[in-house]
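Undergrad: My questions will all concern the structure given below.
The values are calculated or read from the model by the stated rules, or taken from the named source; none is laboratory data. Owing to the predicted nature of the structure, the values given are computational and were not obtained by experimental measurement. Backbone-built Cβ (ideal geometry, glycine too); neighbour counts: all protein chains shown.
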Amino acid sequence: MTSLPASTDPFYCGCEAVSGPGDDGLLSVDAALKRGLALARPVEEVERLPLDRAHGRVLAGEVRAGVPLPLFDSSAMDGYAVRRADLGGEGPWWLPVAGRVAAGDAGDRKHPAGAAMRIFTGAPIPPGCDAVVMQEAVRRQGNAIRLERRPAPGDNIRRAGEDLAVGASLLPAGRRIGPRAAGLLAATGCGTVTVRRRVRVALFSTGSELRSPGTPLAPGQVWNANRSHLTGSLDLPWVELTDMGSLPDQPGLLRQALERASRGADLVLTTGGVSVSEEDHMPAVLRAAGGTLHVTKVAMKPGKPLVIGRIGSAVYLGLPGNPVSAFVAWHVIGARIAEALGGIAEGAPRRFIVRAGFERSREPGRCEFLPARLGGYDGNGTRSVEIAAATVSHRVALLAEADGLVLIPSDTDRVRRGDMLEFLPFQDR
């Protein structure tokens, strides 16, 4: 094997083409994601909300402009509104100032022939005026102005509808209402919007060794990092989260929790218990509760043990218990499934190309996602990337230091300095 795909085709994954030793039955990252997305039908219920309560929510349908923007002909700057027909012959011209028009005025004040009107940015153009001369281009003496140059038709006038015509598409269905979208909606008078209801997510962790952060630990116990990571990741305006805490590795209790969670959730999310040891109960528990398994192992590192399925009307996602593996699996696959349930149209992770600032040899067979930090730009405008360590699956501290994940394709056995790779930036800073 060579690193050719990494250097010449950084969007190539290669998981389908290569299987490492002992990796029979692994599903490629793309195939696993495709199966998960096929299960994730967007929630259908909608609600009508005031715009100021809809920040971060997902539009249920396309929004079109009910009014033109600008609403009326208005001045693009502070100056003087004139009628070009009053500027006959050769200049310069002297015009008396017959009044003033400010933003918020009705705009119906008559404009006397042979005169100018003092006007301010955003003010409506007086009837009959066909140009605005900026105040820096005139000399004012008393109640008159001197113009040296005849303005062109429409100079410094914002015409009604030149930004948006009535009926123009403002925002598509599936757009999250962020600050820019909210500003556009407000400018067109949309006081209320129709959004999808929140995605209902039920979360619990499995593991008899887990304890809440801040509580004393007995020998063999650890604090539950996954719960904090996932509750933080799901603290989103379009998500309604039910946190069911952590449960011991007892199949009966796990089944009861799974069945209870599935009754009201769109997505049931668990951590731990999805590998192949006798203490990994979740695949069998899912089947016993009437669920179906669609993905059980994925050709990714870290994050190989990953379960995607369905129970009742809910999608089930079982993440690994290892905190780094759970984080990577959520970032690469889980978040995409949640966004699909929410009907979010632009939910794909933002990816861009970087140049490796490191050397790395590896065993091919699985896509590898490594916490990495961004460096500077080269002469072509491409950023470099550095990895913090060669081994990452158990090193939680590396995630907090990283800017995102760098992807090494599965069929790459060596990354050389300067190779082009994909980078998935974190969005939580």
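Undergrad: Being farther than 30 Å from GLU339 by Cα and in contact (Cβ under 8 Å) with a residue 40 or more places away in the chain is the requirement here; does ALA131 meet it?
TA: Yes; evaluated as a whole, the condition is true for this residue.
Undergrad: I would also like to ask the following. Condition (residue is under 20 Å from the mean Cα position of the chain (by Cα), assigned by TED's automatic domain parsing to the domain that holds VAL201, under 30 Å from GLU279 (Cα atoms) and not polar (S, T, N, Q)) applied to segment 316-327: is it met by at least one residue?
TA: yes
Undergrad: Give the residue that is nearest to GLU90 (Cα to Cα), with candidates limited to residues of segment 114-171 that are of a type in the set (A, V, I, L, M) and assigned to a loop (DSSP other than H, G, I, E, B). Step through it out loud before you land on a result.
TA: Of the residues in segment 114-171, the ones of a type in the set (A, V, I, L, M) are 115-117, 119, 123, 125, 131-134, 137-138, 144-145, 147, 152, 157, 160, 164-166, 168, 170-171.
If we keep only those that are assigned to a loop (DSSP other than H, G, I, E, B) too, we end up with 115, 123, 125, 152, 160, 165-166, 168.
Details: ALA115: 17, ALA123: 29, ILE125: 25, ALA152: 15, ALA160: 32, ALA165: 39, VAL166: 41, ALA168: 44 Å.
Of everything passing the filter in segment 114-171, ALA152 is nearest to GLU90 (Cα to Cα).
Undergrad: Only one of (1) touching a helix residue (DSSP H, G or I) at 6+ places or on another chain (Cβ under 6 Å); (2) within 30 Å of GLY61 (Cβ to Cβ) fails for GLY303. Which number is that?
TA: (2)
Yes/no matrix, rows are residues, columns are (1) among the small types (Gly, Ala, Ser); (2) surrounded by 16 or more Cβ atoms within 10 Å (Cβ to Cβ); (3) within 14 Å of VAL138 (Cβ to Cβ):
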| residue | (1), (2), (3) |
| --- | --- |
| LEU71 | no, no, no |
| VAL82 | no, yes, yes |
| LEU87 | no, yes, yes |
| PRO96 | no, no, yes |
| ARG100 | no, no, no |
| ALA103 | yes, no, no |
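Undergrad: Mind listing whichever residues of segment 174-193 are in contact with a Leu (Cβ under 8 Å, 6 or more places away or on another chain), in a helix (DSSP H, G or I) and more than 10 Å from LEU51 (Cα to Cα)?
TA: ALA181, LEU184, ALA187
The rows are residues; the columns are (1) of a type in the set (Ser, Thr, Tyr); (2) closer than 19 Å to ALA173 by Cα; (3) modelled with pLDDT under 95.
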| position | (1), (2), (3) |
| --- | --- |
| ALA340 | no, yes, no |
| PRO349 | no, yes, yes |
| ARG355 | no, no, no |
| ARG360 | no, no, yes |
| LEU370 | no, no, yes |
| ASP378 | no, no, yes |
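Undergrad: Quick check: anything in segment 108-130 among the basic types (Lys, Arg), touching a Gly at 6+ places or on another chain (Cβ under 9 Å) and at pLDDT 95 or above?
TA: Yes, some residue in segment 108-130 is among the basic types (Lys, Arg), touching a Gly at 6+ places or on another chain (Cβ under 9 Å) and at pLDDT 95 or above.
Undergrad: Does TRP223 fit the bill of being more than 27 Å from VAL396 (Cβ to Cβ), out of contact with any Ser or Thr (no Cβ under 6 Å at 6 or more places or on another chain) and aromatic (Phe, Trp, Tyr)?
TA: Judged against the criteria, TRP223 is not a match.
Undergrad: Taking only pairs six or more apart or across chains, which ones have beta-carbon atoms under 7 Å, a first residue in segment 401-412 that is more than 9 Å from ARG373 (Cα to Cα), and a second residue that is of a type in the set (Val, Ile, Thr) and outside any strand (DSSP E or B)?
TA: Between residues of segment 401-412 that are more than 9 Å from ARG373 (Cα to Cα) and residues that are of a type in the set (Val, Ile, Thr) and outside any strand (DSSP E or B), the close pairs are SER410/VAL18; ASP411/VAL18.
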